[in-house]
Amino acid sequence: VPAVPVLFKQALENTDTEEGKSVSLRCELTKADATVVWKKGETTLQASAKYEMKQKGTVAELVIHNAEPEDA
């Protein structure tokens, strides 16, 4: 039986925030608890004091703390 691909049910949207504030980016997938990897260009983001990754069911969220212009 071929595996069913995981698709975006709700794609990531552009989000604005003020410098120094936190911003939350969310997407929704068609399959619960699918593995999500957050990237900026070719760089894979790792959980840290700056980047917080959350996932509950089909919703994956990236919180960027202390946002800076370079986070665009």
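Within the stretch 36-56, residues that are part of a loop (DSSP other than H, G, I, E, B) have Cβ atoms under 9 Å from residues that are of a type in the set (G, A, S) in these pairs: V36/A60; W38/A60, counting only partners at least 6 apart in sequence or on another chain.
Per-residue answers, yes or no, for (1) surrounded by 10 or more Cβ atoms within 10 Å (Cβ to Cβ); (2) closer than 30 Å to V4 by Cβ; (3) modelled with pLDDT of 95 or more; (4) not β-branched (V, I, T):
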site	(1), (2), (3), (4)
V36	yes, yes, no, no
K40	yes, yes, no, yes
A47	yes, yes, yes, yes
K50	yes, no, yes, yes
G57	yes, yes, no, yes
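The values are calculated or read from the model by the stated rules, or taken from the named source; none is laboratory data. Please read these numbers as outputs of a predicted model, since none were measured by experiment. Quick reminder, even Gly has a Cβ in these numbers, built from the backbone with ideal geometry, and neighbours come from all protein chains shown.
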